[in-house]
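**Student:** Shown below is the structure under consideration.
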Amino acid sequence: MDNFRALEDNAGADFSGDDEPAMEAPPAIGVDERRMHVRAYNYWVSLLDGRPYPSIEDVDPETLEDFGPHSVLLDFSTGSDNPAVVFIGRALREECQLDTGIRFISDVPSRSLLSRLTDHYLQIIANCAPIGFEAEFVSQRGLNTLYRGILMPLSSDGDTIDFIYGVINWKEVVDQDTSAELARQVDRTVNAAPAAEPSPIWEDGPHTEEPAEFVPGNVAGGAGDYAPYDDDEEAEQPSLPLGGDAGLADRLCLARETAETVKNADARSRSALYRALGDAYDFALAAEAEPEDYAEILDDAGLKAQDRAPMTPVVKLIFGIDYDKTRLTEFAAALSYGRREAVPQGGLAGFLGSFEGGLKGIVAAERRARRPAARPDAGAAAADELRQAPPIGYVNIPAGDEEFVLLLARREPDGTVAIVAPVAHDQALLGRAIRKVQV
C-alpha cells in the first residue's frame, strides 16, 4: 500500500481515539530520489509569486531537464472524472513502455509506474496542497520497484486547481543473494567512503510554518505515531511544582523532560504527547513575558526567533532540532492555535483532549485560519460582463452548444476581418481568452 501525505500533512484528516492508524514503516527510498522531489517542490514554490497555486502558463515540462523526463502533466479543466494526460516525460514513458496512445488517465495501464502517480490525483483536490508518497510494488514487467512521487497543483486562473504536475523517481529491488553481497561489499568499503553530501532543503510553501518533509513512518494523516491513552502511564510522567513565579529555565527543563517521555518509543501515548505540548505551550507563554531571557536561551541553542512562525523555535528547543520535522511543524501549529484562541497557562493539554479530532483537528484549524482568503474569481466577473456586452456582429456557422465560443479570424487586405473557423472547445483556453477581453 502507498504511504502518502500532503506537504501540509493532510491537515484535514480527522482521527480520534483508537481510530488513529498505527505507524507502518515504508520501504527505504534513497537520497537521490529524495533530492529530485525536493527540487521539484522547490521549483513549484518558486512559481507561486504570492498566489495559492502556480499558473499553468509558467510550467513547461519539456524544458525541465532535471525532473521533466520523470514527470507527467494532467489537465482536468473539463472534468475530474477522467483527466487528460497532456505530457509524459521520456524516462517515465520508457520505464512504462508506453506508446503515444495515452490521452486520458483511463488509458494508463493499471500496473505501470505511471499509475502510481495518477492514482493519487484526487488527493490534490482534497488537500489543496502538494502530495508526497512512497511505496513498493511489482511493476508490469514483474520487477519489485521502490518509488517516490510528488503531485503539485497548478491553476489556469490562480484560484482553481485544474492542472496537476507530478514527478516520480524509482529504483528496482535486487534479490536477497545480490542484496547480501552488496551489503558485504559496503561493509568492506564504508570507512573509506566520502562524507555524504547535505540533503537539499525544502522551500517554504504557501500554507506551512515550515515545509514538511517526506518522513518514513508517517502514514496518511500522520496521527498514528502514538498509542491510545493508558492510565498506567499517568504516574510515570515527570512533574515539577511550577507556579506562576517559576523561571523560564525551569519551565524549559520540565517541558524537555515530558518531551523525552514522548520521544521514548516504549512510553508513547496521546496523553503523554498532549501533556508535553501543554508544557511547551506554558514555556512559550512564559517566554513572551521574559523576552530577554528567551532570546538568551535561543542564542545558546543556536536558534533564532521567527516572527512568521514564533512557535517553531519553541518546539525545536523542547523536542530537539533533529526531531521529526513533520512532527515539529504540527506541534508548532498546535501551539500557535492555542495562542490564537487565548488558551490560558496550564490549559492546552485539556484543550487538545477535548478538541474534535485532537491534535490533527487543531493543526487543521490553525492552517485554515492562516490560509489566505480566496481572491475574487476574475474569470466569472469577466464572463458576466460579456453576457451583457452588445454584439459586434452575427455569423451563422456550426459552433457547438457552449455558451461562449472562440472563433479564429483572418485579417483581409482591405482591413476587414474574415472569420475562418470556430476553435474546438477548450475550457482552460476559453477561460484565458475571456479574462483578456476588454469589453
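The values are calculated or read from the model by the stated rules, or taken from the named source; none is laboratory data. All values derive from a computational prediction rather than experimental measurement. Please note that ligands, DNA and RNA were not included when accessible areas were found on the heavy atoms of the full protein model with its side chains. Shrake-Rupley method; radii C 1.70, N 1.55, O 1.52, S 1.80 Å.
**Student:** Tell me, what HN-Hα J-couplings in whole Hz come from the Karplus equation 6.51 cos²θ - 1.76 cosθ + 1.60 at θ = phi - 60° for each residue of the stretch 305-321, using x for Gly and Pro?
**Tutor:** 5, 10, 4, 6, 9, x, 8, 5, x, 4, 5, 5, 4, 8, 8, x, 4
**Student:** Determine the shape class of the stretch 87-136: with a ≥ b ≥ c the square roots of the Cα gyration tensor eigenvalues, call it rounded for a/c under 1.5, and otherwise prolate if a/b is greater than b/c, oblate otherwise.
**Tutor:** Prolate, because a/c is 1.5 or more and a/b exceeds b/c.
**Student:** Using θ = phi - 60° and the Karplus relation 6.51 cos²θ - 1.76 cosθ + 1.60, list the HN-Hα couplings for the stretch 149-164 in order, rounded to whole Hz, with x at every Gly or Pro.
**Tutor:** So the Karplus estimates, Gly and Pro as x, are x, 9, 10, 10, x, 10, 9, 8, 10, x, 10, 9, 7, 10, 9, 9 Hz.
**Student:** Using a 1.4 Å probe over the heavy atoms of the protein chains, calculate the carbon and sulfur portion of the accessible area of the stretch 288-439 as a whole percent. Intermediate results must be reported in sequence, preceding the final value.
**Tutor:** Values: 4910 of 9430 Å².
Carbon and sulfur atoms account for 52 percent of the accessible area of the stretch 288-439.
**Student:** Can you give me the long-range amide H partners of GLY346? Hydrogens built in the peptide plane at 1.01 Å from N, cutoff under 5 Å, separation of 5 or more residues or another chain.
**Tutor:** Those qualifying (amide H under 5 Å, at least 5 residues apart or on another chain) are ASP282.
**Student:** For PHE87, what residues show an amide H to amide H distance below 5 Å, using hydrogens built from the backbone and excluding near sequence neighbours?
**Tutor:** Residues meeting the criterion, in which the H sits 1.01 Å from N, are LEU73.
**Student:** Cα to Cα, under 16 Å, and not fewer than 8 places away if on the same chain: which lysines meet these conditions relative to LYS360?
**Tutor:** Output for LYS360: LYS325.
**Student:** At q = 0.26 Å⁻¹, what base-10 log of I(q)/I(0) does the Debye formula yield for the stretch 286-357 when every alpha carbon is treated as an equal point scatterer in vacuo?
**Tutor:** -1.32
**Student:** Using θ = phi - 60° and the Karplus relation 6.51 cos²θ - 1.76 cosθ + 1.60, list the HN-Hα couplings for the stretch 53-70 in order, rounded to whole Hz, with x at every Gly or Pro.
**Tutor:** 9, x, 7, 4, 5, 8, 10, 10, x, 5, 9, 8, 5, 5, 10, x, x, 9
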